[in-house]
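The structure appears right after this line, and notes come after that.
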Amino acid sequence: MTTQTKLNIQDFLNQDEKKDLLRLLTAGSVDDGKSTLIGRLMFDSKMIYEDQLAALERDSKRIGHAGEDIDYALLLDGLKAEREQGITIDVAYRYFSTNKRKFIIADTPGHEQYTRNMVTGASTANLAIILIDATKGVITQTRRHTFLVSLLGIKHVVLAVNKMDLVKFDQKVFDQICDDYKNFVAQLDIPDVTFIPLSALKGDNVVEKSDKMPWYQGKCMLDFLENVHISSDRNFEDMRFPVQYVLKPDNNFRGFSARVASGIVRKGETVMVLPSKKTSKIKNIVTYDGDLDEAFPPQSVTVTLEDEIDISRGDMLVYPDNLPRVERHFEANLVWMDEKAMDPTTHFLIKQANNNTKVRIDKIQYKVDVNTMEKSNIDFFSLNEIGRVVLTTNKPLFFDPYKKNKSTGSFVLIDPVSHNTVAVGMIIDKLSSENLPSRITEDEREQIRDGKGLIHSEQYEKRYNQKGATLWVTGLHGSGKNEMAFSLEKQLFEMGATVVLLDGSSVRSGLSKELDYSPTDRAEHLRRVAEVCRLLNDQGIITICSFISPDKEIRKQVAKIIGEDRFHLFYMNADLEFCKNNKAEYYQQENLQYVPGIDIPFDAPENPSLELSAANHGENPEKIIEYCRENGIFPLQ
């Protein structure tokens with residue numbers, strides 16, 4: 001290879017590296033010709049290798065849907081199901097370039113059931129080509145795809161009126177379609193709409209102007225795509241640098257790495273760190289190829305500061321005189337992408353820029369029918385549904401409205417259990433606390449006035465996988481009921497139960513501190529315990545109570561307070577002699593008074609839920625756990 005040849009190749013590579021990149025998507029109804037159009041663009045711009053062309057010609061004869069012509073759609077429809085049905089199911093990405101520009105094309109499916117696939121393809125696009133079959137005109141899918149394009153903030157739309165050869169290249173048909181589309185798109189926020197008549201299959205107005213439509217004075221498709229101006233679409237005004245990584249290779253260097261989301265990062269400028277609001281000046285902008293004086297989107301750089309400031313992943317560098325919203329409450333458009341329908345009670349994880357936190361959906365304002373644009377009230381989203389919601393995050397996010405800044409105005413919701421991405425969202429704007437929707441209905445306010453909680457027992461059961469119940473263990477002092485109760489608590493906790501243990505010592509050291517052991521005070525002591533158990537059971541919690549509770553009438557009162565259906569009595573059967581040997585230091589005390597079995601009676605339960613043997617203390621917790629399982633207390637599933 002000569003030196004001149006090497007130079008020519010290097011010049012070509014340098015020129016190719018400097019080419020602008022246009023990301024675009026195609027959308028349309030089934031069989032409108034999306035894949036055919038892209039295949040034709042690649043074919044006519046000489047972007048297909050000879051072996052690909054040979055395979056294309058062979059497959060066109062075998063499984064093509066274009067008659068005697070080459071089926072260019074086969075270049076895009078890569079899935080077996082797509083080729084068999086002649087439709088697009090998944091998003092197909094294709095790359096090609098011309099002398100002027102590089103292109104990444106997302107061929108998105110037209111079916112409504114693949115709305116989430118289209119949203120995925122549109123998320124990074126600068127321009128959308130929406131195809132219309134000239135024989136059908138503007139149809140429901142056209143309106144749906146245009147709405148989605150508007151929702152995702154794509155500013156440039158090409159309405160490609162395809163199959164003009166089937167209407168004999170009639171200008172009146174084209175003009176009527178354009179008028180119908182203009183009437184619809186006027187309702188949406190799409191600033192730049194271009195109309196191009198073409199025949200993707202025949203190649204008219206795709207790569208070269210067609211002489212069959214002399215009445216059309218605009219550009220052909222490729223010429224338009226090569227020259228459409230998109231550089232001003234980026235936000236160069238609002239500097240946002242969401243820190244992704246703190247780079248500290250040694251003690252002499254500490255930098256903050258990220259991709260510039262928007263604006264221009266300039267060396268020497270004063271920046272503010274959110275959320276701490278501390279300020280410093282940019283010392284250096286470091287890249288692999290050397291330091292820069294400024295950086296802009298979508299460059300990835302490392303920034304060093306003149307001062308030592310505590311900065312972590314998720315923090316954001318901004319200019320002090322140009323701050324984003326720092327809020328917990330905001331409105332957003334949401335696209336539900338999970339096969340499983342939304343559970344409104346779930347606290348999801350939200351990922352926005354490099355920020356992660358928990359979030360709840362306070363209210364679904366409405367759902368939008370993507371086919372008719374009609375709004376309706378719903379309680380939850382299902383797959384592919386779109387609507388407006390109000391969200392509240394655990395900690396403030398730093399964001400801009402999506403229309404102003406896609407990078408900081410977009411987010412994804414993640415299921416906290418499966419970690420699947422369940423939805424994508426576009427922030428509309430912040431919402432002040434005064435305008436937050438009330439999460440309490442009039443009926444619920446009435447419940448609050450009556451002292452009733454707003455969470456139903458079924459909701460507690462679903463959350464804890466158990467029913468609120470009291471496991472009351474009675475027996476003489478020294479029978480081993482405390483040891484058994486604590487062992488039971490530990491085993492239930494390890495099994496996943498939500499459980500609270502109450503025993504005589506802990507309650508008498510606080511709640512019943514002023515009470516003695518007389519029958520009257522003992523009754524008051526157990527009444528207080530019963531009231532605590534009722535409150536905990538109302539909230540779905542299992543309580544384990546270990547109390548001598550010698551009087552059967554008092555036990556009946558306790559059961560009535562707690563609720564007889566939630567009160568389960570277990571008797572630790574041990575005679576006085578066993579108890580004296582087990583707790584000799586207690587029974588040998590002088591001047592003992594009010595001791596059940598000694599100077600006051602102990603009423604052994606006649607029909608306890610379970611009678612436990614003190615001699616088999618190791619088996620007793622398992623017996624109660626089995627009782628809970630058989631009686632639907634825990635676990636429920």
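FRET efficiency for the pair residue 461 and residue 518, taken as 1/(1 + (r/R0)^6) with r the Cβ-Cβ distance and R0 = 25 Å, rounds to 0.05.
Around the Cα centre of the chain, unit charges on the Cβ atoms of Lys, Arg, Asp and Glu (plus for the first two, minus for the last two) sum to a dipole of about 1420 debye. Taking other residues whose beta carbon is less than 12 angstrom from the beta carbon of residue 350, and scoring Lys, Arg as +1 and Asp, Glu as -1, yields +4. Near residue 567: Cβ cut-off under 12 Å, other residues only, Lys/Arg at +1 and Asp/Glu at -1. The net charge is +3. When only the Cβ of Lys, Arg, Asp and Glu is charged (+1, +1, -1, -1), the dipole of region 241-318 relative to its Cα centre reaches about 220 debye.
Against the chain, whose longest principal axis is taken from its Cα atoms, helix 171-185 shows a tilt of about 30°.
Please list, by residue number, every one of the GluC sites (Glu not before Pro) in region 470-551 that is coil in DSSP and has at most 15 other beta-carbon atoms within 10 Å.
Values: sites: 483, 489, 494, 514, 524, 531; in loops: 514.
Taking region 470-551 and a limit of 15 other Cβ atoms within 10 Å, the loop GluC sites (Glu not before Pro) found are 514.
Against the chain, whose longest principal axis is taken from its Cα atoms, helix 34-44 shows a tilt of about 40°.
Each Lys or Arg adds one and each Asp or Glu takes one away; over the other residues whose Cβ falls under 11 Å from the Cβ of residue 477, this sums to +3. Taking other C-beta atoms within 10 Å as the exposure proxy, 178, 545 rank 178, 545 from fewest upward.
Think of region 136-181 as having a plus end and a minus end, set by charges on the Cβ of Lys, Arg, Asp and Glu; of 140, 173, 152, 152 sits farthest toward the positive end of this dipole. DSSP finds beta bridges in the chain, and of those with both partners inside it, around 60 percent are antiparallel. To the nearest ten degrees, helix 481-494 and the longest principal axis of the Cα atoms of the chain are 10 degrees apart. The length gained on full extension between residue 227 and residue 412, counted as 0.36 nm times the residue separation minus their Cα-Cα distance, comes to 63.3 nm. Of the trypsin sites (Lys or Arg not before Pro) found in region 248-350, those that fall in a DSSP loop while having at most 12 other beta-carbon atoms within 10 Å are 277, 340.
Each label was represented as a point 7 Å from its Cα along the Cα-to-Cβ direction; for residue 443 and residue 383 these points are 3.2 nm apart.
What is the calculated FRET efficiency for residue 403 to residue 615, with r their C-beta to C-beta distance and R₀ = 56 Å, to the nearest 0.05?
Working: r = 75 Å, r/R0 = 1.35.
Computed FRET efficiency for residue 403 and residue 615 comes out at 0.15.
Throughout, read-outs are computed from the coordinates displayed, never taken from laboratory work. These numbers were taken from a predicted model, which means no experiment stands behind them. All Cβ positions, even for glycine, are placed from backbone atoms using ideal geometry, and neighbour counts span all protein chains on display.
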